[in-house]
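Student: Pasting in a structure now, in structure tokens, and then I'll have a few things to ask.
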Amino acid sequence: MEVEENPFEEEVVANQWIQIVEEHPHDVRDNELYPLVECWIKNTLPTTFLDLGCGQGVFYNKFEKYFKTYIGIDSSTFLINRANNLYGERGAIFNVASVYDTNLGTASVDAVLSVNVLFHVQDLNRMAKEMFRILKPRGGFLISTVNPLCAEKWISFYSDLEKEDKKHVGKVSFPTLHLSKNTFFNHSLEEIFEYFEKNNLKIERIEDLGLHKGDNGRGLFLNIYGFKKGESN
Ligand SMILES: C[S@@+](CC[C@H](N)C(=O)[O-])C[C@H]1O[C@@H](n2cnc3c(N)ncnc32)[C@H](O)[C@@H]1O
């Protein structure tokens, strides 16, 4: 099955992302995202934890003390190599694979974290189906992504834009973010709910992040919390 391009699989873009995450402070990440993710991990206490679209494994570095088994999956060989060089010897597992086909066993993970990946993914149904397959019944997920209710604002950060239906490809510039190529799929909140619910992934709540940066009182980012419906539902 054909899969959309992922610019992070290119060395130049992967290196730009490595620099962005490792060399600059980020107020939304540092002050909002990391504390919320830590709180969720502490409450969930997963035995087998999957970081879906893990990049260079920054969440392993931050929250290593909570993990019994941490698995990071990403389709960028350059980012997985970086993750392995940084943290491979500390016990983390990093594999090159797709969010559509993780190569993990059925009902093998307790929790899935996926940060700033969903809007790079074209086929939400296929991603949700794979999440349902690999999660244990009642296993939790936290998807952090750009807020669909601020899509126009996000698209305004792109230049040299090529647009085809939901797909936007271009350079992206944001105060702490400069990538020479980036994709943005403009999925609506309704579509995200539709495909997750269709695949028996129950969304329990959503919350805005980056409140002071968004439009209409909404945050630029959105956290989506939920779990896989299980036998007990
Ligand atoms: C913005 S980065 C976020 C990385 C990491 N989650 C973080 O927050 O630091 C997006 C990541 O999603 C990965 N990605 C995009 N599409 C993917 C796909 N179809 N399968 C696996 N990884 C994908 C990219 O390679 C990249 O590492």
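The values are calculated or read from the model by the stated rules, or taken from the named source; none is laboratory data. This structure is a prediction, so every number in the text was calculated from the model and none was measured. Cβ coordinates were reconstructed from backbone atoms using ideal geometry, including for glycine residues, and neighbour counts include every protein chain displayed.
Student: Condition (residue is more than 20 Å from Ala14 (Cβ to Cβ), touching a strand residue (DSSP E or B) at 6+ places or on another chain (Cβ under 8 Å), at pLDDT 95 or above and part of a helix (DSSP H, G or I)) applied to segment 137-148: is it met by at least one residue?
Tutor: yes
Student: Quick check on Leu118: is it of a type in the set (A, V, I, L, M, F, W, C), modelled with pLDDT of 95 or more and within 13 Å of the ligand (Cβ to nearest atom)? Steps first, please.
Tutor: Values: of a type in the set (A, V, I, L, M, F, W, C): yes; modelled with pLDDT of 95 or more: yes; within 13 Å of the ligand (Cβ to nearest atom): yes.
Answer is yes for this residue.
Student: Whether any residue in segment 152-162 is assigned to a strand (DSSP E or B), at negative phi and among the acidic types (Asp, Glu) is what I want to check.
Tutor: Yes: segment 152-162 contains one or more residues that are assigned to a strand (DSSP E or B), at negative phi and among the acidic types (Asp, Glu).
Student: Please work out which one of (1) surrounded by fewer than 20 Cβ atoms within 10 Å (Cβ to Cβ); (2) touching a residue at least 40 places away in the same chain (Cβ under 8 Å); (3) in contact with a helix residue (DSSP H, G or I) (Cβ under 6 Å, 6 or more places away or on another chain) is the condition Ala128 fails and give its number.
Tutor: The single condition Ala128 does not satisfy is (1).
Student: When the residues of segment 93-110 are narrowed to those that are crowded, with 22+ Cβ neighbours inside 10 Å and more than 8 Å from the ligand (Cβ to nearest atom), which ends up nearest to Glu197 (Cα to Cα)?
Tutor: In this case the residue turns out to be Val109.
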